[in-house]
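To keep things clear, I will list the structure first and then write my remarks on it.
The values are calculated or read from the model by the stated rules, or taken from the named source; none is laboratory data. Nothing here was measured: the structure is a model prediction, and the numbers come from that model. Virtual Cβ from ideal backbone geometry, glycine too; neighbours counted across all protein chains shown. Ligands, DNA and RNA are stripped out before the accessible areas are found, and what is left, the full protein with its side chains, is counted by its heavy atoms. Shrake-Rupley method; radii C 1.70, N 1.55, O 1.52, S 1.80 Å.
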Amino acid sequence: MPDQIARGYKTQCLLDFEESFGVAPSTPAGVILPINSFGVNVSRNKNSAETLTGRRDPVEPFDGDTEVSGDIVVPVDCRAFPYWLKLLLGAPVTTGDSAPYTHVFKVSDTTPSGILQCKFGTDPLSYGLFKGAKVSSMSMSVGGDGELTATFSIAGREATYSNTDYDANATAVVLKRLNNFKAKLKKDGADFAKVTQFDINIDNGLDTSIRTIGGEGMVYDIPEGIMNVSGSMTTLFTGLDLITAAENSTEMSLELKIDVDENNSMTILLPEVQSQYQGPQVEGATGITVEAPFVGYYNNDVTNNSCVVITVKNDVSSYA
(Lines give C-alpha, C1' and ligand atoms only; values in the text may rest on other atoms or scores of the structure.)
Protein backbone atom coordinates (compact mmCIF):
# COMPACT_ATOMS: atom_id res chain seq x y z
CA MET A 1 0.00 0.00 0.00
CA PRO A 2 1.35 3.46 -0.85
CA ASP A 3 1.64 6.07 1.89
CA GLN A 4 -1.52 8.16 2.34
CA ILE A 5 -1.25 11.70 1.07
CA ALA A 6 -1.81 14.47 3.63
CA ARG A 7 -5.19 16.19 3.54
CA GLY A 8 -5.43 19.97 3.75
CA TYR A 9 -8.45 19.87 6.06
CA LYS A 10 -6.26 18.35 8.80
CA THR A 11 -3.98 21.41 8.81
CA GLN A 12 -3.69 23.46 11.98
CA CYS A 13 -1.85 26.74 12.55
CA LEU A 14 -0.19 27.57 15.86
CA LEU A 15 1.07 31.00 16.89
CA ASP A 16 3.29 31.90 19.83
CA PHE A 17 5.08 35.17 20.52
CA GLU A 18 8.86 35.46 20.92
CA GLU A 19 10.65 37.48 23.58
CA SER A 20 13.77 37.76 21.40
CA PHE A 21 13.75 37.74 17.61
CA GLY A 22 14.14 34.25 16.20
CA VAL A 23 14.35 32.60 19.64
CA ALA A 24 11.58 30.32 20.89
CA PRO A 25 10.40 31.20 24.41
CA SER A 26 11.57 28.82 27.14
CA THR A 27 7.95 28.01 28.01
CA PRO A 28 5.68 27.63 25.00
CA ALA A 29 2.33 29.44 25.16
CA GLY A 30 0.94 28.72 21.73
CA VAL A 31 -2.62 29.12 20.52
CA ILE A 32 -4.21 27.31 17.59
CA LEU A 33 -5.86 29.78 15.25
CA PRO A 34 -8.37 29.13 12.45
CA ILE A 35 -7.03 29.67 8.93
CA ASN A 36 -8.24 29.30 5.35
CA SER A 37 -4.81 28.65 3.86
CA PHE A 38 -1.17 28.53 4.98
CA GLY A 39 1.42 29.57 2.41
CA VAL A 40 4.47 30.31 4.56
CA ASN A 41 7.42 28.37 3.18
CA VAL A 42 11.21 28.28 3.10
CA SER A 43 13.46 28.61 0.08
CA ARG A 44 17.26 28.33 0.05
CA ASN A 45 18.91 29.03 -3.27
CA LYS A 46 20.99 26.30 -4.87
CA ASN A 47 23.37 28.36 -6.99
CA SER A 48 25.47 27.23 -9.92
CA ALA A 49 29.22 27.84 -9.78
CA GLU A 50 31.27 29.19 -12.69
CA THR A 51 34.42 27.24 -11.77
CA LEU A 52 36.44 25.96 -14.75
CA THR A 53 37.79 22.39 -14.56
CA GLY A 54 38.73 21.58 -18.14
CA ARG A 55 35.43 19.74 -18.61
CA ARG A 56 32.05 20.88 -19.91
CA ASP A 57 30.26 19.26 -16.96
CA PRO A 58 29.07 21.67 -14.26
CA VAL A 59 30.77 21.51 -10.87
CA GLU A 60 29.04 21.04 -7.53
CA PRO A 61 26.54 23.86 -6.75
CA PHE A 62 26.61 25.92 -3.58
CA ASP A 63 23.95 27.13 -1.17
CA GLY A 64 22.75 30.74 -1.15
CA ASP A 65 20.50 32.79 1.06
CA THR A 66 17.52 31.38 2.93
CA GLU A 67 14.17 33.11 2.60
CA VAL A 68 11.16 32.44 4.81
CA SER A 69 8.00 34.08 3.50
CA GLY A 70 4.43 33.51 2.37
CA ASP A 71 0.79 34.40 2.92
CA ILE A 72 -1.69 33.18 5.50
CA VAL A 73 -5.39 33.75 4.79
CA VAL A 74 -7.50 33.90 7.96
CA PRO A 75 -11.19 34.40 8.70
CA VAL A 76 -11.98 37.77 10.27
CA ASP A 77 -13.50 37.31 13.72
CA CYS A 78 -13.58 38.83 17.19
CA ARG A 79 -11.53 36.28 19.17
CA ALA A 80 -8.74 34.88 16.97
CA PHE A 81 -8.15 37.83 14.64
CA PRO A 82 -6.69 40.05 17.41
CA TYR A 83 -3.73 37.64 17.72
CA TRP A 84 -2.86 38.48 14.11
CA LEU A 85 -3.42 42.18 14.81
CA LYS A 86 -0.93 41.92 17.69
CA LEU A 87 1.64 40.43 15.31
CA LEU A 88 0.87 43.26 12.84
CA LEU A 89 0.79 46.26 15.19
CA GLY A 90 1.90 45.16 18.66
CA ALA A 91 0.01 44.44 21.86
CA PRO A 92 -3.21 46.40 22.40
CA VAL A 93 -4.30 48.54 25.31
CA THR A 94 -7.08 46.54 26.98
CA THR A 95 -9.79 47.92 29.24
CA GLY A 96 -12.67 46.30 31.10
CA ASP A 97 -13.00 44.44 34.39
CA SER A 98 -15.29 41.84 32.84
CA ALA A 99 -16.64 40.97 29.41
CA PRO A 100 -16.99 42.71 27.09
CA TYR A 101 -13.34 43.76 27.01
CA THR A 102 -12.09 46.47 24.65
CA HIS A 103 -8.73 46.06 22.90
CA VAL A 104 -7.26 49.07 21.08
CA PHE A 105 -4.42 48.52 18.59
CA LYS A 106 -2.31 51.44 17.34
CA VAL A 107 0.94 51.88 15.46
CA SER A 108 3.96 51.18 17.67
CA ASP A 109 7.68 51.78 17.16
CA THR A 110 8.38 48.07 16.82
CA THR A 111 6.32 44.98 16.07
CA PRO A 112 6.64 41.58 17.77
CA SER A 113 7.95 38.43 16.18
CA GLY A 114 6.46 35.01 16.63
CA ILE A 115 6.66 31.28 16.21
CA LEU A 116 4.39 29.86 13.52
CA GLN A 117 3.75 26.14 13.25
CA CYS A 118 1.82 24.37 10.54
CA LYS A 119 0.64 20.85 11.34
CA PHE A 120 0.40 18.61 8.28
CA GLY A 121 -1.89 15.61 8.43
CA THR A 122 0.64 12.86 7.73
CA ASP A 123 1.07 9.64 9.70
CA PRO A 124 3.11 10.17 11.81
CA LEU A 125 2.27 13.86 12.00
CA SER A 126 4.62 16.35 10.35
CA TYR A 127 5.20 19.93 11.46
CA GLY A 128 6.70 22.99 9.82
CA LEU A 129 8.11 25.43 12.40
CA PHE A 130 8.92 29.02 11.42
CA LYS A 131 10.86 31.26 13.82
CA GLY A 132 11.26 35.02 13.70
CA ALA A 133 7.93 35.44 11.90
CA LYS A 134 6.77 39.04 11.43
CA VAL A 135 3.85 40.50 9.51
CA SER A 136 5.01 42.32 6.41
CA SER A 137 1.50 43.46 5.47
CA MET A 138 -2.19 42.82 5.98
CA SER A 139 -4.85 43.24 3.32
CA MET A 140 -8.61 42.92 3.61
CA SER A 141 -11.51 43.44 1.24
CA VAL A 142 -14.97 44.18 2.65
CA GLY A 143 -18.18 43.93 0.64
CA GLY A 144 -20.29 41.40 -1.23
CA ASP A 145 -21.71 38.16 0.10
CA GLY A 146 -18.50 36.12 0.31
CA GLU A 147 -16.60 35.05 3.40
CA LEU A 148 -14.81 37.91 5.12
CA THR A 149 -11.10 37.09 5.26
CA ALA A 150 -7.78 38.88 5.58
CA THR A 151 -4.39 38.03 4.10
CA PHE A 152 -1.27 38.35 6.25
CA SER A 153 2.03 38.36 4.36
CA ILE A 154 4.74 36.89 6.57
CA ALA A 155 8.52 37.30 6.58
CA GLY A 156 10.59 35.07 8.85
CA ARG A 157 14.09 33.99 9.81
CA GLU A 158 14.28 30.21 10.08
CA ALA A 159 12.30 27.12 9.15
CA THR A 160 12.57 23.50 10.30
CA TYR A 161 10.48 20.43 9.54
CA SER A 162 10.11 17.53 11.96
CA ASN A 163 7.68 15.12 13.62
CA THR A 164 7.84 17.05 16.91
CA ASP A 165 4.98 19.28 18.05
CA TYR A 166 6.18 22.68 19.32
CA ASP A 167 3.45 22.90 21.95
CA ALA A 168 1.26 19.84 22.46
CA ASN A 169 -0.72 21.73 25.13
CA ALA A 170 -1.74 24.61 22.88
CA THR A 171 -5.44 25.43 23.01
CA ALA A 172 -7.65 26.25 20.03
CA VAL A 173 -9.35 29.66 19.86
CA VAL A 174 -13.08 29.32 19.17
CA LEU A 175 -14.13 31.40 16.18
CA LYS A 176 -16.52 34.34 16.65
CA ARG A 177 -17.00 35.21 12.99
CA LEU A 178 -17.57 38.68 11.55
CA ASN A 179 -19.57 38.95 8.33
CA ASN A 180 -19.65 41.26 5.33
CA PHE A 181 -23.37 41.92 5.63
CA LYS A 182 -22.93 43.53 9.08
CA ALA A 183 -20.25 45.98 7.89
CA LYS A 184 -20.92 49.72 8.13
CA LEU A 185 -18.76 52.58 6.87
CA LYS A 186 -18.60 56.16 8.12
CA LYS A 187 -16.97 59.16 6.46
CA ASP A 188 -16.15 62.08 8.74
CA GLY A 189 -18.33 60.51 11.42
CA ALA A 190 -21.46 60.18 9.26
CA ASP A 191 -22.87 57.03 7.65
CA PHE A 192 -21.49 56.53 4.15
CA ALA A 193 -23.82 54.03 2.53
CA LYS A 194 -22.92 54.27 -1.15
CA VAL A 195 -19.72 52.17 -1.02
CA THR A 196 -19.94 48.71 -2.60
CA GLN A 197 -16.40 47.57 -1.75
CA PHE A 198 -13.80 48.76 0.75
CA ASP A 199 -10.20 47.54 0.52
CA ILE A 200 -7.46 48.28 3.03
CA ASN A 201 -3.76 47.43 3.13
CA ILE A 202 -1.41 48.01 6.07
CA ASP A 203 2.27 47.54 5.22
CA ASN A 204 4.97 47.54 7.92
CA GLY A 205 7.79 48.32 5.47
CA LEU A 206 9.95 45.45 6.72
CA ASP A 207 13.60 45.19 5.66
CA THR A 208 14.34 41.53 4.88
CA SER A 209 17.81 42.11 3.38
CA ILE A 210 19.96 42.11 6.53
CA ARG A 211 22.28 39.10 6.57
CA THR A 212 25.61 38.71 8.33
CA ILE A 213 28.65 36.47 7.94
CA GLY A 214 28.11 33.40 10.11
CA GLY A 215 24.34 33.58 9.80
CA GLU A 216 24.21 30.70 7.28
CA GLY A 217 22.17 32.79 4.85
CA MET A 218 19.38 33.59 7.32
CA VAL A 219 18.32 37.16 8.04
CA TYR A 220 19.88 38.67 11.16
CA ASP A 221 16.88 40.86 11.92
CA ILE A 222 13.76 42.17 10.19
CA PRO A 223 13.40 45.81 11.27
CA GLU A 224 10.32 47.92 10.59
CA GLY A 225 10.31 50.94 8.30
CA ILE A 226 7.74 53.67 7.68
CA MET A 227 4.24 52.18 7.71
CA ASN A 228 2.11 52.50 4.59
CA VAL A 229 -1.68 52.58 4.93
CA SER A 230 -3.63 52.56 1.70
CA GLY A 231 -6.79 51.23 0.18
CA SER A 232 -9.64 51.85 -2.18
CA MET A 233 -13.37 52.45 -2.14
CA THR A 234 -15.74 51.55 -4.94
CA THR A 235 -18.64 53.98 -4.65
CA LEU A 236 -21.89 54.57 -6.48
CA PHE A 237 -21.63 57.70 -8.63
CA THR A 238 -24.33 59.98 -7.23
CA GLY A 239 -22.58 63.34 -7.45
CA LEU A 240 -19.26 65.18 -7.49
CA ASP A 241 -18.63 65.50 -3.74
CA LEU A 242 -16.00 62.75 -3.46
CA ILE A 243 -14.30 63.71 -6.73
CA THR A 244 -14.12 67.39 -5.73
CA ALA A 245 -12.69 66.48 -2.34
CA ALA A 246 -10.01 64.38 -4.04
CA GLU A 247 -9.18 67.17 -6.48
CA ASN A 248 -8.68 69.57 -3.58
CA SER A 249 -6.77 67.03 -1.44
CA THR A 250 -9.40 67.46 1.26
CA GLU A 251 -8.71 65.43 4.38
CA MET A 252 -11.38 63.03 5.65
CA SER A 253 -11.70 60.25 8.20
CA LEU A 254 -12.95 56.74 7.42
CA GLU A 255 -14.34 54.30 9.97
CA LEU A 256 -15.32 50.73 9.19
CA LYS A 257 -17.28 48.81 11.82
CA ILE A 258 -18.31 45.16 11.72
CA ASP A 259 -20.20 43.64 14.62
CA VAL A 260 -21.82 40.44 15.80
CA ASP A 261 -23.74 42.17 18.58
CA GLU A 262 -23.15 45.00 21.04
CA ASN A 263 -20.51 42.95 22.89
CA ASN A 264 -18.54 41.64 19.89
CA SER A 265 -17.25 43.95 17.17
CA MET A 266 -14.25 45.31 15.28
CA THR A 267 -13.73 48.92 14.18
CA ILE A 268 -10.99 50.14 11.84
CA LEU A 269 -10.50 53.90 12.06
CA LEU A 270 -8.34 55.90 9.65
CA PRO A 271 -8.41 59.36 11.24
CA GLU A 272 -6.60 61.19 8.42
CA VAL A 273 -7.10 60.16 4.80
CA GLN A 274 -6.83 61.72 1.36
CA SER A 275 -8.20 60.10 -1.79
CA GLN A 276 -6.69 60.02 -5.25
CA TYR A 277 -8.15 62.36 -7.86
CA GLN A 278 -9.86 60.40 -10.60
CA GLY A 279 -13.29 60.35 -12.16
CA PRO A 280 -15.87 57.70 -13.09
CA GLN A 281 -15.77 55.39 -16.08
CA VAL A 282 -18.85 54.33 -18.00
CA GLU A 283 -18.73 50.60 -18.79
CA GLY A 284 -22.29 49.99 -19.89
CA ALA A 285 -25.92 51.03 -19.69
CA THR A 286 -26.40 50.29 -15.99
CA GLY A 287 -25.22 52.08 -12.83
CA ILE A 288 -21.92 53.96 -12.76
CA THR A 289 -19.35 53.52 -10.00
CA VAL A 290 -16.24 55.46 -9.05
CA GLU A 291 -12.99 53.93 -7.85
CA ALA A 292 -11.46 56.05 -5.07
CA PRO A 293 -7.99 54.92 -3.99
CA PHE A 294 -6.90 56.51 -0.71
CA VAL A 295 -3.85 56.95 1.52
CA GLY A 296 -3.91 57.12 5.32
CA TYR A 297 -1.33 59.09 7.31
CA TYR A 298 -0.60 60.93 10.56
CA ASN A 299 -0.44 64.69 10.48
CA ASN A 300 -1.96 66.39 13.52
CA ASP A 301 -4.68 64.13 14.95
CA VAL A 302 -3.33 64.10 18.50
CA THR A 303 -6.55 62.60 19.83
CA ASN A 304 -6.05 59.22 18.16
CA ASN A 305 -2.26 59.65 17.77
CA SER A 306 -2.00 56.93 15.10
CA CYS A 307 -2.59 56.65 11.36
CA VAL A 308 -4.74 53.57 12.02
CA VAL A 309 -6.68 52.54 15.12
CA ILE A 310 -8.25 49.08 15.31
CA THR A 311 -10.63 48.43 18.20
CA VAL A 312 -11.92 44.96 19.03
CA LYS A 313 -14.61 44.24 21.59
CA ASN A 314 -14.98 40.62 22.78
CA ASP A 315 -14.95 38.23 25.74
CA VAL A 316 -11.16 37.65 25.80
CA SER A 317 -9.59 39.33 28.83
CA SER A 318 -6.05 39.82 27.48
CA TYR A 319 -3.75 39.52 24.45
CA ALA A 320 -0.64 40.49 26.44
Surface share of carbon and sulfur [accessible, 1.4 angstrom probe, percent] for segment 46-141
47 percent
How large is the Kirkwood hydrodynamic radius of the chain, counting all unique pairs of alpha carbons, in Å?
21.9 Å
So how many Å³ per residue does the convex hull of the Cα atoms of segment 76-117 work out to?
88 Å³
Share of Cα-Cα pairs in segment 45-170 beyond 20 Å, in percent?
63 percent
Using only Cα atoms, locate the centre of segment 283-311 and the centre of segment 199-274, then give the distance between them in Å, rounded to an integer.
9 Å
Most packed first (mean Cβ within 10 Å per residue), the peptides 89-101, 56-68, 230-242 order as 230-242, 89-101, 56-68
Compute the convex hull volume of the Cα atoms of segment 45-117, divide it by the residue count, and report the result per residue in Å³ as a whole number.
145 Å³
What percentages, rounded to whole numbers, describe P(r) for segment 7-101 computed over all alpha carbon pairs with 5 Å bin width beginning at zero?
3, 9, 12, 16, 15, 11, 8, 6, 6, 5, 4, 2, 1, 1, 1, 0
³J(HN,Hα), Karplus 6.51/-1.76/1.60, whole Hz, each residue of segment 160-172, x for Gly, Pro:
9, 10, 7, 9, 9, 6, 4, 8, 5, 9, 4, 9, 8
May I have the extent of the alpha carbons of segment 249-320 along their three principal axes, as whole Å values ordered from largest to smallest?
52, 32, 17
Stretch gain in nm, segment residue 44-residue 299, where the contour uses 0.36 nm per residue and the Cα spacing is subtracted:
87.6 nm
If R₀ is 45 angstrom, what is the calculated FRET efficiency for the pair residue 211 and residue 247, using the beta carbon separation as r and rounding to 0.05?
0.50
Relative contact order of the chain, please, whole-number percent, based on alpha carbon pairs below 8 angstrom and at least 6 residues apart.
19 percent
accessible surface per residue for the chain, probe 1.4 Å, DNA/RNA/ligands not counted, whole Å² -> 53 Å²
Counting only protein heavy atoms and using a 1.4 Å probe, what share of the accessible area of segment 234-320 belongs to carbon plus sulfur, as a whole percent?
46 percent
Can you tell me the length gained on complete extension of the stretch residue 277 to residue 193, counting 0.36 nm per residue apart and subtracting the Cα distance?
28.2 nm
quick shape note, segment 97-217: Cα extents on principal axes in Å, largest first -> 55, 37, 35
Two-decimal Rg to Rh for segment 200-320 - Kirkwood Rh, Cα set:
1.11
